[in-house]
1. Residue under question is residue 103, and the condition is that it be open to solvent by 30 Å² or more (accessible area, probe 1.4 Å) and touching a residue at least 60 places away in the same chain (Cβ under 8 Å); does it hold?
2. Mind checking which pairs have a first residue in region 125-143 that is surrounded by 23 or more Cβ atoms within 10 Å (Cβ to Cβ) and a second that is outside any helix (DSSP H, G or I), Cβ under 8 Å, 6 or more apart or different chains?
3. Which numbered condition trips up residue 8, out of (1) more than 15 Å from residue 124 (Cβ to Cβ); (2) open to solvent by 30 Å² or more (accessible area, probe 1.4 Å)?
4. Does residue 17 meet the test of being modelled with pLDDT of 95 or more and crowded, with 16+ Cβ neighbours inside 10 Å?
5. Residues that are buried (at least 16 other Cβ atoms within 10 Å of the Cβ), more than 28 Å from residue 62 (Cβ to Cβ), in contact with a strand residue (DSSP E or B) (Cβ under 7 Å, 6 or more places away or on another chain) and polar (S, T, N, Q): does region 152-169 have at least one?
6. Hey, does region 72-79 have a residue that's open to solvent by less than 30 Å² (accessible area, probe 1.4 Å) and of a type in the set (A, V, I, L, M, F, W, C)?
7. Pick out the one residue from 42, 51 that is open to solvent by less than 70 Å² (accessible area, probe 1.4 Å) and more than 20 Å from the chain's Cα centre (by Cα).
8. Residue pairs, Cβ under 8 Å, 6 or more apart or interchain, first in region 168-194 and under 17 Å from residue 42 (Cα atoms), second among the charged types (D, E, K, R) and crowded, with 16+ Cβ neighbours inside 10 Å. List them.
Amino acid sequence: MRRFRNALAFLTRLPGGAHPDSGSQIADCVPYFGVIGVVVGAIGGAVFWGASELSTPAIAAVLALTATALVTGGFHEDGLADTFDALAGGWDRDQRLKILKDSRHGTFGVLSLVLVSLLKFAALSSLDAQTGALALVAAHSAGRAGAVGLMGVAPTAQEVGLGADYSRQLPKRLAMLGVVVGLVVLGAIYMEWAPVFAAAIALGVGLLAWWSHRKIGGVTGDILGAAEQIGEAIVLVLAASQIVHVPGT
């Protein structure tokens, strides 16, 4: 339970345990990242379901996405913006690493936030109340599992920094447990479709890993945040596509 509370404190603004400040403390609670995703997704799902009963799907989607951003403090969204500012806007490795440390967002960062948010909104607003609520649970859990998987296999771009610290100290077995949680949630919600969702997330996160390795030689904490956002968007898009293309759903 202590690890769960620490993971809750690290990934959200919800009341939890002590905020983990060292790489070893964060690595210790990594297996619970997918569980925290279930919590965040369930909050967003409840908002979406309730708002869908009272208003339009578009308004419900905006309110649900706002709720999850407030719960997490935009933690992963910040990583997404920093990642695109650095990898797309930097001219060389040193400049890209400097941009990743800058708290301000530039053109590429803002564009990435707008476009990914629009993609999630378009997908979520096409779903009915129940399907959308479940999709949010799956998206937040599997998105964090994708980030954990990347954390467990990719080299770090820097020798120093909190992201590098907890990535290096993360045992492979803990990374695997974090990924398994996301896979279990996908399986429980999408059953025979779960491998398709998992493969798509692996592809999206893998492309991000290739891009970051090419540009800066590895991953950072911001890139892990971007991986979560990419995984989250992929699940929502596939959930919407399943409704469109699969008879009887």
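The values are calculated or read from the model by the stated rules, or taken from the named source; none is laboratory data. As the structure is a prediction and not an experimental result, all values here were calculated from the model. No Cβ is skipped: glycine too gets one built from the backbone with ideal geometry, and neighbour counts run over all protein chains shown. SASA here: full protein model, heavy atoms, side chains in, ligands and nucleic acids out. Shrake-Rupley method; radii C 1.70, N 1.55, O 1.52, S 1.80 Å.
1. On the way: open to solvent by 30 Å² or more (accessible area, probe 1.4 Å): yes; touching a residue at least 60 places away in the same chain (Cβ under 8 Å): no.
No, not satisfied.
2. From region 125-143, the pairs are 135/127.
3. (2)
4. Working: modelled with pLDDT of 95 or more: no; crowded, with 16+ Cβ neighbours inside 10 Å: yes.
Criteria not met by residue 17.
5. Among the residues of region 152-169, at least one is buried (at least 16 other Cβ atoms within 10 Å of the Cβ), more than 28 Å from residue 62 (Cβ to Cβ), in contact with a strand residue (DSSP E or B) (Cβ under 7 Å, 6 or more places away or on another chain) and polar (S, T, N, Q), which makes the answer yes.
6. Initial filter on region 72-79 (open to solvent by less than 30 Å² (accessible area, probe 1.4 Å)): 72, 74, 76, 79.
If we keep only those that are of a type in the set (A, V, I, L, M, F, W, C) too, we end up with none.
Scanning region 72-79 turns up no residue that is open to solvent by less than 30 Å² (accessible area, probe 1.4 Å) and of a type in the set (A, V, I, L, M, F, W, C).
7. 51
8. Note: pairs meeting the criteria are 182/144.
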